[in-house]
Structures are given as structure tokens and as C-alpha cells.
Amino acid sequence: MARVCEICGKGNLNGNNVSHSNAKTKRVFSANLQNIRVSIDGGVKKMKVCTRCIKGNKIQKK
């Protein structure tokens with residue numbers, strides 16, 4: 001599975017590293033994903049979830 005939140009779909013963003021001479025090279029801003037155990041339909045499943053979804057109580061932790 002890709003580095004994407006399984007709840008909200010948040011993933012990577014692209015941008016630039018900017019040096020002192022203002023030269024630009026590509027870089028990636030990764031989402032802050034955590035592997036956690038989630039209670040779903042009476043069962044437990046491991047999911048990759050972003051910290052905003054965890055703090056916003058969008059999931060029920062085991």
C-alpha cells in the first residue's frame with residue numbers, strides 16, 4: 001500500500017529544496033502516518049492513519 005492515510009486519503013506533497021544561491025531541487029513532504037490497530041465492525045485491523053485523524057477521533061483505537 002502506498003504512503004496514504006486510509007481514512008482521509010492524505011498523501012505526499014511535492015515541493016522544492018531552496019539553497020542559499022536560490023537553486024531549486026525537488027523534494028517530497030511526507031504525511032505523518034502511523035501504523036495503529038483500529039477497531040472496525042467488532043474486529044481489529046492494522047491501518048496506516050495520519051496523526052490528524054488520530055487526534056480528531058476519526059478512528060476508534062483498539
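Would you mention how many residues in segment 12-43 are within 24 Å of Lys62 (Cα to Cα) and surrounded by 10 or more Cβ atoms within 10 Å (Cβ to Cβ)? Steps first, please.
First, the residues of segment 12-43 that are within 24 Å of Lys62 (Cα to Cα): 31-43.
Filter once more, keeping what is surrounded by 10 or more Cβ atoms within 10 Å (Cβ to Cβ): 31-34, 36-40.
Final tally of qualifying residues: 9.
For the criterion of being in contact with a Cys (Cβ under 9 Å, 6 or more places away or on another chain), surrounded by 11 or more Cβ atoms within 10 Å (Cβ to Cβ) and without any contact (Cβ under 8 Å) to a residue 60 or more places away in the chain, Lys48 passes.
Candidates are the residues of segment 28-62 that are modelled with pLDDT of 95 or more and among the polar types (S, T, N, Q); the one that is nearest to the chain's Cα centre (by Cα) is Asn32.
The values are calculated or read from the model by the stated rules, or taken from the named source; none is laboratory data. Please read all numbers here as calculations on a predicted model, not as lab measurements. Neighbour counts run over all protein chains shown; Cβ positions are idealised from the backbone, glycine included.
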